[in-house]
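The values are calculated or read from the model by the stated rules, or taken from the named source; none is laboratory data. Predicted model only: the values in this text are computed from it and were never measured. Reconstructed Cβ throughout: ideal geometry from the backbone, glycine too, with neighbour counts over all protein chains shown.
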Amino acid sequence: MNRNVSEAKAPLYGERAISEAQLICFENPNASRPYEISIELPEFTCLCPFSGYPDFAVIRLLYQPNQMVLELKAIKLYINSYRDRKISHEEAANKILDDLVQACAPSWMQIEADFNPRGNVHMVVRISHGAKNIC
């Protein structure tokens, strides 16, 4: 399939979806009961702010919803928006937590950003928000 030059410069549908992504939530179907939702995002990428080299991580999200629950496709697109962003491991994990807490106001949330080793160094950033309830 041939594409002309103007078509080649236009953003692809996936790039458009990522750039237009917004965190979307829906009403918790059982807000009267504490329960946990676990989400693993194994393909997180961003760029090192010092070298520009790519960093790869598994993002593990564990949370107890309050009134709202995060929609999965929206989380996927949001996480993919980091791929060309120059950001430290610590800042990325904290920014993700801040944005998700702002979007859904959970009772409790924990983010674990498990970065692939680079230069013989392996780093895991673990942060949380709120108070965890017994399930």
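Each residue in region 37-54 was checked for being surrounded by 14 or more Cβ atoms within 10 Å (Cβ to Cβ), more than 16 Å from Pro117 (Cβ to Cβ) and either at pLDDT below 95 or in contact with a Phe, Trp or Tyr (Cβ under 9 Å, 6 or more places away or on another chain) (or both), and 3 pass.
Pairs meeting the criteria (first residue in region 19-43 and under 18 Å from Pro65 (Cβ atoms), second residue surrounded by fewer than 15 Cβ atoms within 10 Å (Cβ to Cβ) and among the aliphatic types (A, V, I, L, M), beta carbons under 9 Å, at least 6 apart or on different chains) are Pro34/Ile134; Ile39/Leu72. Considering only residues that are more than 14 Å from the chain's Cα centre (by Cα) and assigned to a strand (DSSP E or B), look in region 95-127 and name the one that is modelled with the lowest pLDDT. Applying the filter and picking the extreme gives Arg118.
The sole residue among Ala92, Ala57, Ala74 that is touching a Phe, Trp or Tyr at 6+ places or on another chain (Cβ under 7 Å), assigned to a helix (DSSP H, G or I) and free of Cβ contacts under 8 Å to residues at least 60 places away in the same chain is Ala92.
Condition check for Asn133 on (1) in contact (Cβ under 8 Å) with a residue 24 or more places away in the chain; (2) more than 16 Å from the chain's Cα centre (by Cα); (3) in a strand (DSSP E or B): one failure, at (3).
Every condition in (1) more than 18 Å from Leu100 (Cβ to Cβ); (2) in contact with a helix residue (DSSP H, G or I) (Cβ under 8 Å, 6 or more places away or on another chain) holds for Pro29 except the one numbered (2).
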